[in-house]
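Input: a single structure, listed below in structure tokens.
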Amino acid sequence: GKMAEPLIFPPGTGTLAINKRIMATAVESVDSTAKEKILKEKDWRWQYPKYFVQHAAILATSHETAVQVAETGLKCAYDTFQVGDRTLAEHMKLPPKRIFTTGIVHGKLEAPPATMQVPYKGSILSGSSLVQQIGKWGTEGIIEPSAVKSLLNVVVNEQSWCDLRGQHFVVMGAGSQMGPTAGLLRMGATVIAIDLPRPQIWERLCNLAENSCGKLIVPILASKVETENEHSLDNKRISEVAGCDLLTQTAEIGHWVISAAPAQERLVLGSYAYLDGPLFVRVVLAADAIIELVCKHRPNSILSFLSSPTECYEVPEEALAQANTKYQAFNITSSVHGIWHRTLNLVSRGRYTEKNAPAVVVDAPLDKSRQTVYINDFYVVAQGPNYAFAKQLQRWRTLVMHNRGYTVSSTIGPATLTESILHNRLMAAGMYGAEHFKLESFEPDTSNSVLLGILLHDVNNSHSLANPASGAIRRSPIWIFSENACHGGAFRAPYKINSVTEVAAVVFNIDSLSHVNCINLCSLRYMQYNRHQSMFRLPLVLFWVLGGCFMLNSSHFSNFSNSGIFGTGHPNFRQSSPRG
């Protein structure tokens, strides 16, 4: 048959120009000056963060403004992106094509453990040990007080909240390392799984389901099993034929999801699919179109999104105060590290070890209890504007659906040591070394378990801020993105996380006593600098050289403990480091 048309950016215009135009259109009716500034920006690739921060400031001014901007932005995206010769908006209105049949994998286990469990540093935490660790994360500023409260609430109610038999969760990007599929199946949930038709993905998911007390519901192209009885397919055959493509079968997947569970069942719709660069915008928009379609037919649905710590957020005053306390603890007089932290900040003209302080302060009289909104900029320029725009689409959807009365769980996850991160030694070293700057990177299993806990809280607690019927007061329209934040320390660290990544990588390599690594890393960083960083080259080279000299000349070179001179170091990672 004819190949399905994919969801694409409109041809003939660059992806960044499209993103920029939609961002400008979104604010057109509420702030024409902001629109003009966006359209006039000639260097969107490198300057985009300040416009996304300004966008958050506009959203923070009032609930009416936030919803209006979000609706306008989404409408513009649907009228801009194309499927074949139609816009996405037109494509989603076409009569449904039923191209999928359904495969089901039943778990062999009888009942779920009905406990909240979090794998952490080689142990499985539950009960009192988990309560203790949640409290510790809260005290150290790794997660927000609201997240502490929510997670403790789940532990208290685990007998009912962690038994998910009969509950239906749609997971778009079911094979994703940052998705909740494994945890949901362990708790007995019925998972409606959406991922690409790749047998290795489905083999793993089928095995997970089989060894759980849950149920896996999968889409199978009917044309692949025309001569077979769908009810007699074994797990091996299901893993060979299962799968779908969000980009080429968007509407068809939406209609299949609507029919995949009994009509009276509530669906929790989660968007976890990730691809690099412009593909991420397309896959997020495809997932968004499916969410909108399913919600029209099943208005009792709940939505779930994950946010990255490298966006911009409203940060509460007491978090800023804790960040300032940590910053002062690194001062020149009381900390040996403070000397080089401040020197590095000076010679890099603020590029590195920049104080963690608000980028924008919005005076918005939203209610008598809250007058000022502090917005911190955590964007990492290297991630690029496509990534930021894709996450903005999810924010707009959150605001629109919450305003329509839907429960929306939107939670910041911590920096996580996923496979793609570990394949990039520079990124991995930066995340391990971030411990020196009061940040914590999580293993994928830990992140997934903690974030699933927040989701279970938002789904089950009728008083949750995620539920608009709860009457819970948001500090501002954008507070919904900061509530229950498990940011790994970003809100409360002494320095902005986007100003310490490269420094943390050097710190980690020095701590690992691997000067081969350190020299490789320094030369790599030097070569990667583009024209925008040219002014920093001399101070950076000086920093790398000084760091290397400090390491090589230390009289205690061979006597450092496992934790290193900076208190970082990860034994698993260090063992694989080349030795000089």
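The values are calculated or read from the model by the stated rules, or taken from the named source; none is laboratory data. If you're wondering where the values come from, they're calculated on a predicted model, not measured in any experiment. All Cβ positions, glycine included, derive from the backbone under ideal geometry; neighbour counts span all protein chains shown. Ligands, DNA and RNA are stripped out before the accessible areas are found, and what is left, the full protein with its side chains, is counted by its heavy atoms. Shrake-Rupley method; radii C 1.70, N 1.55, O 1.52, S 1.80 Å.
Bridges between two residues of the chain, per DSSP, are antiparallel at a rate of about 50%. Accessible surface calculations at 1.4 Å, restricted to protein heavy atoms, place the stretch 68-222 at 43 Å² per residue.
Between Arg21 and Glu140, the FRET efficiency estimated from the beta carbon spacing at R0 = 45 angstrom works out to 0.60.
Taking amide H atoms as placed 1.01 Å from N in the peptide plane, the amide H of Ser410 lies under 5 Å from those of Phe305, each 5 or more residues away in sequence or on another chain. Dividing the mean sequence gap of close Cα pairs (under 8 Å, 6+ apart) by how many residues the stretch 1-117 holds gives a relative contact order of 29 percent.
The mean sequence distance of close C-alpha pairs (under 8 Å, at least 6 residues apart), as a share of the length of the chain, puts its relative contact order at 17 percent. Extension gain, Thr115-Glu71: 0.36 nm per intervening residue step, less the Cα-Cα distance, totals 11.9 nm.
Nearest 10 degrees is fine. How inclined is helix 385-403 to the longest principal axis of the chain, computing both from alpha carbons? Computed tilt is about 60 degrees. Each peptide in 249-261, 318-330 gets a packing score, the mean of other Cβ atoms within 10 Å over its residues, and the list from highest to lowest is 249-261, 318-330.
Think of the chain as a dipole: +1 on every Lys or Arg Cβ, -1 on every Asp or Glu Cβ, centred on the Cα centre; then among Val105, His402, Ala182, His402 lies furthest on the positive end. Extension gain, Lys296 to Ser160: 0.36 nm times the residue separation minus the Cα-Cα distance gives 46.0 nm. Think of the chain as a dipole: +1 on every Lys or Arg Cβ, -1 on every Asp or Glu Cβ, centred on the Cα centre; then among Cys76, Pro262, Ser129, Cys76 lies furthest on the positive end. Model label points for Asp85 and Lys355, set 7 angstrom from Cα along the Cα-to-Cβ axis, are 6.1 nm apart.
Peptides 264-274, 469-479, 424-434 ranked from most to least packed by the mean count of surrounding Cβ atoms within 10 Å: 424-434, 264-274, 469-479. This model, with +1 at the C-beta of Lys and Arg and -1 at the C-beta of Asp and Glu, gives the stretch 80-228 a dipole about its Cα centre of some 80 debye. Placing +1 on the Cβ of every Lys and Arg and -1 on the Cβ of every Asp and Glu, with no other charges, gives the chain a dipole of roughly 1040 debye about its Cα centre. For Cα Rg over 2.2 N^0.38 Å, several values are listed as (1) 1.41; (2) 1.10; (3) 0.98; flag the one computed from this structure. Correct label is (3). Restricting the trypsin sites (Lys or Arg not before Pro) of the stretch 69-124 to loop positions (DSSP other than H, G, I, E, B) with no more than 14 neighbouring Cβ atoms within 10 Å leaves Lys93, Lys97, Arg98, Lys108, Lys121. Relative to the Cα centre, the charge distribution of the stretch 1-150, modelled as +1 at Lys and Arg Cβ and -1 at Asp and Glu Cβ, gives a dipole magnitude of about 380 debye. Placing a pseudo-label 7 Å from each Cα along the Cα-to-Cβ vector at Arg404 and Lys50 gives an inter-label distance of 3.6 nm. Taking a ≥ b ≥ c as the square roots of the Cα gyration tensor eigenvalues, the stretch 71-219 comes out oblate, since a/c reaches at least 1.5 and a/b does not exceed b/c. Computed over the stretch 317-387, relative contact order equals 20 percent, with contacts defined as Cα pairs under 8 Å that lie 6+ residues apart.
Residues within the reach of a label modelled at Thr372 (point 7 angstrom out along Cα to beta-carbon, backbone nitrogen below 13 Å), restricted to the stretch 320-348, are 320-321. Gain on full extension, evaluated as 0.36 nm per residue between Ser29 and Lys236 minus their Cα-Cα distance, stands at 69.1 nm.
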